[in-house]
């Protein structure tokens with residue numbers, strides 16, 4: 001986009017209408033203020049909700065960030081669903097959507113918005129800028145892609161009404177400018193930064209903002225001067241600590257990492273990055289298989305350990321069959337920590353979690369360490385203890401975690417509880433919360449009860465069909481039909497590959513990076529998918545490597561693929577332009593593109609169930625033929 005085009009865009013955005021509300025949504029009073037009770041009225045969209053008995057309004061009150069996510073049950077009154085929300089005193093506005101627990105109405109990605117007003121009847125300062133930060137950044141927490149143009153529009157409206165708000169929201173405002181047009185945006189941003197740099201009595205936060213942007217814009221000379229100033233003014237401040245933390249993160253050798261961590265702890269005993277360094281150190285010990293050292297640090301030196309920290313260590317030891325009695329003790333300690341954290345809610349709740357979601361997260365965390373305990377106990381021959389742990393894990397996770405369900409089912413069979421195993425396996429498979437191995441487990445229990453496997457296939461097919469219908473119903477609500485952004489990229493062999501090369505064929509584009517844990521966790525399953533669907537001619541898979549922070553990105557990706565022997569065609573998005581054109585906010589993200597070049601499905605993240613992922617890919621391909 002050229003400078004003249006941007007200037008026209010800026011003029012258009014600053015004069016266009018702002019996010020008109022839907023006719024099925026309203027609220028009272030007409031001009032709500034901070035601390036007031038508002039009543040929300042909503043008429044459900046029939047295409048989204050088949051059952052409104054569990055309808056809730058999900059409110060995300062916002063300032064510069066989300067204040068505290070709230071879930072409000074709705075009641076039916078005169079053909080409208082009603083919810084009452086008390087606006088927190090610190091809030092600048094409320095972003096709303098509606099849900100029945102499975103489906104959501106997000107108002108076509110805009111959300112339902114409540115802006116706030118002052119006692120003078122005018123918009124409260126910051127209400128549009130607060131919403132702008134949502135569209136530029138945190139909206140991804142509800143699986144929506146950031147919209148920088150919409151964010152810029154809102155920022156411009158805010159600053160026209162309230163020029164003094166710019167400094168409070170400057171970082172996000174600059175990001176929206178930069179993401180709309182990097183070339184012209186750089187000039188505009190440097191002008192903004194120069195104005196601030198000339199001011200007196202800058203705070204540490206302001207220095208950090210300036211340094212971050214000058215580094216980002218490759219203005220290293222100015223950045224170096226500012227770094228010297230901030231380090232002299234705030235030698236023990238957050239910026240100085242951040243530099244030490246970043247240095248720590250870059251250390252590869254474990255001994256040096258331990259030394260750097262101890263130095264940080266000694267200088268900053270209650271530092272900003274103490275917990276982050278602790279988590280990193282436990283992970284580093286575990287990856288190096290220094291399990292005793294990891295346990296010593298975890299139990300005697302790290303005061304912020306969670307159930308997940310204990311679980312990760314115990315799990316790693318169980319996979320190596322290393323000192324299983326100690327691993328069982330570590331898992332037991334994790335269970336105790338998990339129970340205490342769940343009971344006391346001792347871990348601070350992130351604002352983008354509701355109370356129910358945070359409680360569920362704690363339950364799942366405890367369920368995971370119980371599952372690990374069960375696996376280790378099974379290896380040690382403690383079958384009854386294992387079964388007790390597995391059963392509690394499945395209950396805590398609400399029977400929604402396939403691997404936990406599988407382990408519980410296997411333990412039931414091992415303990416001779418065949419009928420109970422059959423009862424649970426039927427439910428797990430029918431609900432779609434199953435793994436491929438569960439068919440074998442069900443068959444084993446079936447044979448133990450019936451002596452023969454005669455009639456098993458017919459018996460099993462009804463549960464498999466129920467699962468398919470459930471998943472198909474979910475996918476039917478997710479299907480879209482939008483033109484796929486075209487691209488041409490170089491693969492690892494130096495050949496230019498274009499999306500248009502595969503017109504007439506279904507294509508799956510998978511955005512990934514070598515540092516992305518969920519991406520790498522999904523790859524064994526994606527290997528199965530490639531072998532199943534590409535080798536049979538049903539689809540073409542393109543793995544787009546992006547968002548890397550290494551010098552030789554191509555060599556980095558090639559080394560990873562060769563080391564792991566993945567049969568993937570990898571394309572290099574070295575400038576991160578293709579992922580930007582697809583408006584991706586997190587990876588892994590997969591796009592399923594039909595034979596006509598239209599995106600039909602978008603799949604974000606990886607839930608840990610490779611069997612389910614492969615099965616869903618197959619169904620999606622089936623649906624777009």
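Please state which one of 326, 342 is crowded, with 17+ Cβ neighbours inside 10 Å, touching a residue at least 24 places away in the same chain (Cβ under 8 Å) and either out of contact with any strand residue (DSSP E or B) (no Cβ under 6 Å at 6 or more places or on another chain) or not in a helix (DSSP H, G or I) (or both). Step through it out loud before you land on a result.
On the way: 326 fails: crowded, with 17+ Cβ neighbours inside 10 Å.
So the residue among 326, 342 that is crowded, with 17+ Cβ neighbours inside 10 Å, touching a residue at least 24 places away in the same chain (Cβ under 8 Å) and either out of contact with any strand residue (DSSP E or B) (no Cβ under 6 Å at 6 or more places or on another chain) or not in a helix (DSSP H, G or I) (or both) is 342.
Of 131, 170, which residue is more than 19 Å from the chain's Cα centre (by Cα) and under 17 Å from residue 91 (Cα atoms)?
After ruling out the rest, the residue left standing is 131.
What is the one condition in (1) buried (at least 19 other Cβ atoms within 10 Å of the Cβ); (2) in contact with a strand residue (DSSP E or B) (Cβ under 9 Å, 6 or more places away or on another chain) that residue 80 does not satisfy?
That leaves (1) as the condition not met.
When the stretch 443-456 is examined, which residues are found to be assigned to a helix (DSSP H, G or I) and free of Cβ contacts under 8 Å to residues at least 24 places away in the same chain?
443, 447, 450, 456, listed by residue number.
Considering each residue of the stretch 102-122, count those that are within 19 Å of residue 25 (Cβ to Cβ), over 20 Å from the mean Cα position of the chain (by Cα) and touching a residue at least 12 places away in the same chain (Cβ under 8 Å), and give that number.
7
Would it be correct to say that residue 425 is touching a strand residue (DSSP E or B) at 6+ places or on another chain (Cβ under 7 Å), crowded, with 17+ Cβ neighbours inside 10 Å and modelled with pLDDT of 95 or more? Please lay out each step first, then the result.
Numbers: touching a strand residue (DSSP E or B) at 6+ places or on another chain (Cβ under 7 Å): no; crowded, with 17+ Cβ neighbours inside 10 Å: yes; modelled with pLDDT of 95 or more: yes.
So residue 425 does not fit the description; no.
Would you please name the residue that is modelled with the lowest pLDDT, looking only at residues in the stretch 479-499 that are exposed (fewer than 12 other Cβ atoms within 10 Å of the Cβ) and closer than 30 Å to residue 49 by Cα?
Among residues in the stretch 479-499 that are exposed (fewer than 12 other Cβ atoms within 10 Å of the Cβ) and closer than 30 Å to residue 49 by Cα, the one modelled with the lowest pLDDT is 480.
Would you be able to tell me the number of residues in the stretch 136-170 that are under 30 Å from residue 591 (Cβ atoms) and either without any contact (Cβ under 8 Å) to a residue 24 or more places away in the chain or part of a helix (DSSP H, G or I) (or both)?
Residues that pass the stated criteria total 14.
Considering only residues of the stretch 24-49 that are under 26 Å from residue 479 (Cβ atoms) and either touching a strand residue (DSSP E or B) at 6+ places or on another chain (Cβ under 8 Å) or touching a residue at least 12 places away in the same chain (Cβ under 8 Å) (or both), which is surrounded by the most Cβ atoms within 10 Å (Cβ to Cβ)?
42
Out of the stretch 487-498, which residues are free of Cβ contacts under 8 Å to residues at least 60 places away in the same chain and in a loop (DSSP other than H, G, I, E, B)?
Those that are free of Cβ contacts under 8 Å to residues at least 60 places away in the same chain and in a loop (DSSP other than H, G, I, E, B): 493, 494, 495.
What residue, among those in the stretch 54-77 that are surrounded by fewer than 13 Cβ atoms within 10 Å (Cβ to Cβ) and free of Cβ contacts under 8 Å to residues at least 40 places away in the same chain, is farthest from the chain's Cα centre (by Cα)?
77
Do you know which residues across the stretch 402-433 are without any contact (Cβ under 8 Å) to a residue 40 or more places away in the chain and in a loop (DSSP other than H, G, I, E, B)?
Listed by number, the residues that qualify are 415, 416, 417, 433.
Does the stretch 121-143 contain at least one residue that is over 30 Å from residue 71 (Cβ atoms) and surrounded by fewer than 18 Cβ atoms within 10 Å (Cβ to Cβ)?
Yes.
Please report, ordered by residue number, the strands (runs of 3 or more DSSP E) entirely within the stretch 503-589 with at least 3 residues that are without any contact (Cβ under 8 Å) to a residue 40 or more places away in the chain.
The qualifying strands (runs of 3 or more DSSP E) are 540-545.
The values are calculated or read from the model by the stated rules, or taken from the named source; none is laboratory data. This one's a predicted model, so the numbers in the text were calculated from it and none came from an experiment. Cβ: placed from backbone, ideal geometry, glycine included. Neighbour counts: every protein chain shown.
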